[in-house]
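The values are calculated or read from the model by the stated rules, or taken from the named source; none is laboratory data. If you're wondering where the values come from, they're calculated on a predicted model, not measured in any experiment. Backbone-built Cβ (ideal geometry, glycine too); neighbour counts: all protein chains shown. We work out accessible area using only protein heavy atoms, side chains counted, and drop any ligands, DNA or RNA first. Shrake-Rupley method; radii C 1.70, N 1.55, O 1.52, S 1.80 Å.
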Amino acid sequence: MERFPEDFMFELTEEEIGIVVSQNVIPHKKYLGGAKPFAFTETGVAMLSSVLKSDTAIEMNIAIMRTFISLRKLSVNYKEVMKVLEEMREQYDNQFEDIYRVLEHLINKPQQPRNMIGFTRHEEIAEKQ
């Protein structure tokens, strides 16, 4: 236990146990014998390599470390994808702003006084002159 401080390993809460059981990550609580399982952080997994010596433990540790590496690569790609999406959103928001302005102008076009058509009375002609 002295090799695994809190930032290397921690005990799961009841809520966390429920989540991992529901996802079939660990067996149901009745199979745990009343004990709460521990979870290892990335650093804790690295520490396991110096503690566990069986062939199976070494293979599992290698698989876990490869998983961490894959997750780290994925998170880098995720940041790049989010950056591209943000740039696209800004670009398209600007383009849509232009479209919205044109539509607003067409919908609420300022009305200019219209020339009246039809017959004009003689009094109106005299007033205009």
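Helical runs assigned H by DSSP (4 residues or longer) give the chain a calculated mean residue ellipticity at 222 nm of -21000 deg cm²/dmol, each run adding -39500 (n - 2.57) before division by the residue total.
Between Glu15, Glu90, Glu80, which gets the highest mean-square fluctuation from a Gaussian network model of the chain, Cα cutoff 10 Å? So, out of Glu15, Glu90, Glu80, the one fluctuating most is Glu15. When the surface is traced with a 1.4 Å probe over the full set of protein chains, Lys73 keeps roughly 130 Å² accessible. A straight chain from Thr41 to Leu74 at 0.36 nm per residue would run longer than the Cα-Cα distance by 10.1 nm.
Residues whose amide H falls under 5 Å from that of Thr41, counting only those 5 or more places apart or on a different chain, are Met9, Phe10, with hydrogens built in the peptide plane.
If R₀ is 30 angstrom, what is the calculated FRET efficiency for the pair Thr13 and Thr56, using the beta carbon separation as r and rounding to 0.05? Write down the numbers at each step before the final one.
On the way: r = 29 Å, r/R0 = 0.95.
The value I calculate is 0.55.
Just need the Rg to Rh number for the chain, please, alpha carbons only, Kirkwood Rh. Mind showing how you got there, number by number?
Numbers: Rg = 35.7 Å, Rh = 22.2 Å.
Looking at the chain, the ratio lands at 1.60.
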